[in-house]
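Inspection log for the structure reproduced underneath, given as structure tokens.
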Amino acid sequence: MTATEMNGKELAKKVRTDLAGEVLQLKEKGITPHLTVIIIGDDPASKSYVRGKEKASAEIGMSSDIIALPSSTSEQDLLNQIDDLNRNETVHGILVQLPLPDHINEQQVIESISPEKDVDGFHPVNIGKMVTGNSTFLPCTPYGIITMLKAHDVSMEGKHAVILGRSNIVGKPIGQLLLNENATVTHCHSRTENLTEYTKEADILILAMGRANAIRGEHVKNGAVIVDVGINRLEDGSLTGDADFPSAAAKASKITPVPRGVGPMTITMLLKNTIKAAKGLSA
Ligand code: GUN
């Protein structure tokens, strides 16, 4: 089998056109959806992601600002900033770019963001709502993946979805969302024994472990749908996913490329969540 490509860039463009229409309607009512992004330190990858969020916001008519803080910022100073943003009625969405420096307790920071402004969907209140199947802010990457699978008519019900990676940002929540879609879900991770026994059984294979080109055609079931969340930079500067694209695509029925796959969908879902927050629909 040779896979068709699920191009996230094209789908993101379509979804963003609809979102721009929603922003226009909100502006007519005097509401401009506003996202504030906090970034601490100067990690180049984080800075690039944050710029991408700012650009995408502007493209659909939303407003945004970036609060850039030095890596020496204390946890208390950060919590005070978030407290101000929680109280600021013109700010609808707050995102603190992760990872944070070691001296700052990430969970403490996530829990300090008002759940109504938590457009990342990382607050325990929003995670709890996701697990119980209530509508809320869904974490952006998993939300983007599900949106993409639906747009490509991938049937999830009763299918065996195997997830490689167990981060709070991707691995754990995508398992939950696939379960909500009635898939049978297996979580694999760095301690999983005989990993290929699982990957070969996957109807839907979600790759989120951050290991360049690790999954090859021989690890994949014929006709599987592969979603590659990995973004790995090679020594020559190029980007590659967790799948060895040519051999995996030769076995799969559908596959996401890297770049132009999941990444553009993640930012799109952030915009969608911020618009939802501006509409006051998060509660
Ligand atoms: N770092 C990498 N991915 C993400 C994300 O989705 N949200 C935040 N806040 N930080 C990240």
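Distances over 17 Å make up what percent of all Cα-Cα pairs in region 139-262?
50 percent
Where the centroid of each part is defined by its Cα atoms, how far is region 64-79 from region 255-281 in Å?
Each part reduced to its Cα centre gives a spacing of 24 Å.
Can you tell me the 0 to 90 degree angle between the C-alpha axis of helix 262-278 and the longest principal axis of the chain, rounded to 10?
In the chain, helix 262-278 runs at an angle near 30 degrees to the longest axis.
Pairing the Cα long axis of helix 8-28 with the longest principal axis of the chain, what angle in degrees results, from 0 to 90 and rounded to the nearest 10?
With both axes taken from Cα atoms, the answer is about 20 degrees.
Tell me, what HN-Hα J-couplings in whole Hz come from the Karplus equation 6.51 cos²θ - 1.76 cosθ + 1.60 at θ = phi - 60° for each residue of region 231-236, using x for Gly and Pro?
Each residue's phi maps through the Karplus curve to give 10, 10, 8, 7, 4, 7 Hz.
Output ³J(HN,Hα) for region 47-58: one whole-Hz value per residue in order, computed from phi by the Karplus curve 6.51 cos²θ - 1.76 cosθ + 1.60 with θ = phi - 60°, and x for Gly and Pro.
Calculated HN-Hα couplings, in order: 4, 5, 4, 5, 4, x, 5, 5, 5, 5, 4, 4 Hz.
Ranking His152, His103 by Cβ neighbours within 10 Å, fewest first, what do you get?
Ordered by Cβ neighbours within 10 Å, fewest first: His103, His152.
Please work out whether the chain counts as rounded, prolate or oblate from its C-alpha gyration tensor, where a ≥ b ≥ c are the square roots of the eigenvalues and a/c under 1.5 means rounded, while otherwise a/b larger than b/c means prolate and anything else oblate?
prolate
What do you get for the angle between helix 171-180 and the principal long axis of the chain? Use alpha-carbon atoms, 0 to 90 degrees, nearest ten.
Helix 171-180 sits roughly 80 degrees off the main axis of the chain.
Could you work out the relative contact order of region 195-259? I mean the mean sequence separation of Cα pairs under 8 Å and 6+ apart, divided by the number of residues, in percent.
36 percent
For region 126-140, just list the computed ³J(HN,Hα) in residue order, Karplus coefficients 6.51, -1.76 and 1.60, θ = phi - 60°, integers in Hz, with x standing in for Gly and Pro.
So the Karplus estimates, Gly and Pro as x, are 6, 5, x, 5, 4, 5, 7, x, 8, 5, 6, 7, 8, x, 5 Hz.
Could you sort 47-55, 24-32 so that the peptide with the highest average Cβ count within 10 Å comes first and the rest follow in order?
Ranked from most to least packed, the peptides come out as 47-55, 24-32.
Based on C-alpha coordinates, I'd like the Rg and Dmax of region 30-114, in Å.
Answer for region 30-114, Rg first and Dmax second: 12.8, 41 Å.
Quick one: Leu149, Leu79, fewest Cβ neighbours within 10 Å first, how do they rank?
Leu79, Leu149
Which one, Asp118, Asp203, Asp244, has the greatest fluctuation when you compute a Gaussian network model over the chain with C-alpha springs under 10 angstrom?
Judging by the Gaussian network model, the answer is Asp244.
Let me have the relative contact order for the chain, percent, based on Cα pairs under 8 Å that are six or more residues apart.
Relative CO of the chain lands at 24 percent.
Return Ser247, Ser135 ranked ascending by Cβ neighbour count within 10 Å, so the fewest neighbours appear first.
Listed from fewest to most nearby Cβ atoms, that is Ser135, Ser247.
Bear in mind that the values in this text are calculations on the coordinates, not laboratory data. Just so you know, these numbers come straight off a predicted model, no measurement behind them. Cβ: placed from backbone, ideal geometry, glycine included. Neighbour counts: every protein chain shown.
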